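Down below is the structure, laid out as structure tokens.
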Amino acid sequence: MTVKEQILSLLHNNKGGYISGEEIAGQLSVTRSAVWKAVKSLQTDGYSIQAVTNKGYSLSPLTDILSAGAISKYLDAQGQKLQLEVVKTIPSTNEAVKILASNGEAEGKVILSEEQTAGRGRNGRHFFSPSRTGIYMSILLRPKLSAAEATLLTTSAAVAVALAIENVSGKDTQIKWVNDVFMEGKKICGILTEASLSLENGLLDYAVLGIGINVSLPAGGFPDDLSGIATAVFSASNHYDDLRCRLVAEVLNHFMEFYEHLTDRRFLSEYRQRIISLGKPVTVVKDNKQREATAIDIDNDCRLKVRYENGDEEYLSSGEVSIKI
């Protein structure tokens, strides 16, 4: 971490209390001038840091920030292996991680941003990513999976997000096949997995798992095209007690647990029980045609089994169709 990031982590760990510039300088082996400059930079970034003579610096307890150090406090042993990087703003975390992957970056790199200016969802859709109201992160993975098995990454991530939100908020979640997480009938999370296939062995060279969560309602609400279909985990943005950092860590902890034994499909029962559409009528959109059906089951490859009105049954793969509920 940079000096600035280390100072932010120290202040965060002592949130509400004061720590002197001399103590910070001593812990980080830097000059007090370097500490002062870093604090000024953090204040410019919007962090509420008080500086009081003979007391030192204090980060307001009302500050809701994402920082690698704060997230790491809540990571388990598996999660601690990840390399976290938090930025203030970025066009797209997925694009940034894809560039790193192409340049040989090792598995486990995670980029998080307070804001995305060009966030993307499935099928090229824009993903609304306003500053400091959500979680926008991408994870670099190098799994030994075929292209057909890549769906396991997306679906296990959906379960990880659902469990994390339930643990932190105490609210129930559902999953819209394949990977959108819902709460009270509206979308709170989108997941986009992008991968590169090795022609040599037919396995994935790398996968980038992008996760976007609406943690709180943005000022002014969602844009008109989203207001009827999207919501947030919490109605207000006054997050204290590291809420977003804990939520990030919960997602990563659950996902890495599933990822370690991915082909065992340990997440599958949790996935099935949260699927909104099972036993309900759905509209299958395939090849620009719509057919009415009933969602029957999820198989071990996370395909959706449907029964059409004429009695025919079909297993649907995520890349082939979309489902309207």
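The values are calculated or read from the model by the stated rules, or taken from the named source; none is laboratory data. Just so we're clear, the structure is a prediction, and the values are computed from it rather than from any experiment. In this analysis, Cβ positions are derived from the backbone assuming ideal geometry, glycine residues included, and neighbour counts consider all displayed protein chains. The area values use the complete protein model at the heavy-atom level, side chains included, leaving out ligands, DNA and RNA. Shrake-Rupley method; radii C 1.70, N 1.55, O 1.52, S 1.80 Å.
Listed values, structure above:
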{"read-out": "Fluctuation leader among Ala158, Ala147, Ala195 - the chain, Gaussian network, Cα springs under 10 angstrom", "value": "Ala147"}
{"read-out": "Environment charge of Gly185, counting only residues whose C-beta is closer than 15 Å and scoring Lys/Arg +1, Asp/Glu -1", "value": "+4"}
{"read-out": "Hydrodynamic radius of the stretch 136-200 per Kirkwood, over alpha carbon pairs, in Å", "value": "13.0 Å"}
{"read-out": "Peptide ranges 247-256, 31-40 listed from the most packed, as the mean C-beta count within 10 angstrom indicates", "value": "247-256, 31-40"}
{"read-out": "Principal semi-axes in Å for the chain [√(5λ), Cα gyration tensor, largest first]", "value": "40, 21, 16"}
{"read-out": "Value of relative contact order over the stretch 66-207, rounded to a whole percent, pairs C-alpha under 8 Å and six or more apart", "value": "19 percent"}
{"read-out": "Amide H within-cut-off set for Gln83, under 5 Å, with H built and near neighbours excluded", "value": "Lys109, Val110"}
{"read-out": "Accessible area expressed per residue, the chain, with surrounding protein chains retained (probe 1.4 Å, Å²)", "value": "47 Å²"}
{"read-out": "Mean Cβ count within 10 Å, highest first, over the residues of peptides 292-300, 209-217", "value": "209-217, 292-300"}
{"read-out": "The chain - mean residue ellipticity at 222 nm from DSSP helices (-39,500 (n - 2.57) per run, n ≥ 4, rounded to 500)", "value": "-8500 deg cm²/dmol"}
{"read-out": "Rounded to whole Å, sorted largest first: equivalent-ellipsoid semi-axes of the stretch 65-219, Cα gyration tensor", "value": "24, 18, 16"}
{"read-out": "Nearest 10 degrees, 0 to 90: helix 93-102 Cα axis against the chain principal axis", "value": "90 degrees"}
{"read-out": "Ordering of 13-19, 184-190 by burial proxy (mean other Cβ atoms within 10 Å per residue, highest first)", "value": "184-190, 13-19"}
{"read-out": "Surface/4 estimate of mean projected area, convex hull on alpha-carbon atoms of the stretch 1-93, nm²", "value": "6.7 nm²"}
{"read-out": "Amide H contacts under 5 Å for Asp205, placed H, 5+ residues apart", "value": "Ser196, Leu197, Ser198"}
{"read-out": "When each of Lys73/Lys144; Lys144/Lys186; Lys109/Lys176; Lys144/Lys305; Lys186/Lys289; Lys187/Lys289 is checked by Cα-Cα distance, pairs over 32 Å", "value": "Lys144/Lys186"}
